[in-house]
Amino acid sequence: MTYCIYDKNDECTHDCEECAWQSLRCEICGSDYGQLFDCAEGILCTDCLIEKCGDEAYEDFAAEYESEFRDFMVSIYSNYRVENREGASFYPQEQ
């Protein structure tokens, strides 16, 4: 554990202005490991970025990976699949 030279009673957070040990941290959870991103919400770790901004990108993701999303939906609803009876059709017959 290190202590800040400016306040001997507090654990060093390495974020004092002009501190040689300054490190970037997530502004929500304080994490300083893994990937960090600078977005409209501030500096965020991956988990906080997904939590805060994921909804905005979800529709774009589903549109970009439409076939994968379709396969995913089929797989999660596979236990609820309804089989067609012989000779019956859910679609109108073409005449």
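The values are calculated or read from the model by the stated rules, or taken from the named source; none is laboratory data. Because the structure is a prediction, the values reported are computed rather than measured. Virtual Cβ from ideal backbone geometry, glycine too; neighbours counted across all protein chains shown. These accessible areas exclude ligands, DNA and RNA; they are computed on the full protein's heavy atoms, side chains included. Shrake-Rupley method; radii C 1.70, N 1.55, O 1.52, S 1.80 Å.
A single entry from I43, I50 fulfils the requirement of being closer than 28 Å to D15 by Cα, of a type in the set (A, V, I, L, M) and touching a Leu at 6+ places or on another chain (Cβ under 6 Å): I43. Within the stretch 25-42, the set of residues being of a type outside the set (S, T, Y) and assigned to a loop (DSSP other than H, G, I, E, B) comprises R25, C26, E27, I28, C29, G30, D32, G34, Q35, A40, E41. For the stretch 42-67, the set of residues classified as of a type in the set (D, E, K, R) and within 18 Å of the chain's Cα centre (by Cα) consists of D47, E51, K52, D55, E56, E59, D60, E64, listed by residue number.
Per the conditions (1) modelled with pLDDT under 90; (2) on the phi < 0 side of the Ramachandran plot, the sole criterion not satisfied by G34 is (2). Which of the residues spanning the stretch 28-38 are more than 16 Å from D15 (Cβ to Cβ) and surrounded by 13 or more Cβ atoms within 10 Å (Cβ to Cβ)? Scanning the stretch 28-38 gives a single hit, F37.
Conditions (1) open to solvent by 100 Å² or more (accessible area, probe 1.4 Å); (2) assigned to a helix (DSSP H, G or I); (3) modelled with pLDDT of 85 or more, marked per residue:
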{"position": "H14", "(1), (2), (3)": "no, no, no"}
{"position": "C19", "(1), (2), (3)": "no, no, no"}
{"position": "S23", "(1), (2), (3)": "no, no, no"}
{"position": "L44", "(1), (2), (3)": "no, no, yes"}
{"position": "L49", "(1), (2), (3)": "no, yes, yes"}
{"position": "R70", "(1), (2), (3)": "yes, yes, yes"}
{"position": "M73", "(1), (2), (3)": "no, yes, yes"}
{"position": "E86", "(1), (2), (3)": "yes, no, no"}
{"position": "Y91", "(1), (2), (3)": "yes, no, no"}
